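No value in this document is a laboratory result; all are computed from the given coordinates. A quick note: this is a predicted structure, and the numbers were derived from the prediction, not measured. All Cβ positions, glycine included, derive from the backbone under ideal geometry; neighbour counts span all protein chains shown.
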Amino acid sequence: MHSYHPTIESFFKAIKSNNVDQLESIFDENILFKPPTYWKEWQGKEVVARILSHVGSVFKNLEYKRVLCNDLDYFLEFNCKIGDLDATGVDMITLNKRGLIEKFEVVMRPYKSVGKLRKSMTLLTSNDPFFKSLQVKEK
């Protein structure tokens, strides 16, 4: 097993255990998250941690296959199942100088799997009181 930056090691553990608090602890306060399902960006560690916790309930058999890094940039290739569909993706993560995740972008394929992820995430977030409270604040 390779040794990665402690934040990346913590990220793997938090994702595996679907631990929102652990995720928040490794995110910069103003983390910027770009999901694979649509163009909107999300900002803030509480929001991003909650999104990823919902993703954790949608992805099955999540396995990280390959990690590439260049200084503070990490590319984490993964495979998973979304329902009965296979998916492959890459988490593109940038750490800040303090070692916290400040940028997080996900790209995935195939299109059909991404569509199923979007549908699942829309259902989960629309029923989550936290995200409902964000909608009220935006109005």
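Starting from a Cα-only point model with no solvent, please compute log10 I(q)/I(0) by Debye for the chain at q = 0.13, 0.14, 0.20 1/Å.
-0.54, -0.63, -1.32
Reachable lysines from residue 103, Cα under 17 Å, same-chain residues fewer than 8 places away excluded?
Residue 103 reaches 34, 40, 45.
Per residue of the chain, what 222 nm ellipticity follows from adding -39500 (n - 2.57) for every DSSP H run with n ≥ 4, rounded to the nearest 500?
Value at 222 nm, helices only, nearest 500: -13000 deg cm²/dmol.
Mind listing which chymotrypsin sites (Phe, Trp or Tyr not before Pro) in segment 1-74 are in a DSSP loop and have 15 or fewer other Cβ atoms within 10 Å? Walk me through the intermediate numbers first.
Working: sites: 4, 11, 12, 27, 33, 38, 39, 42, 59, 64, 74; in loops: 4, 38, 39.
When the chymotrypsin sites (Phe, Trp or Tyr not before Pro) of segment 1-74 are filtered for loop state and at most 15 Cβ neighbours within 10 Å, 4, 38, 39 remain.
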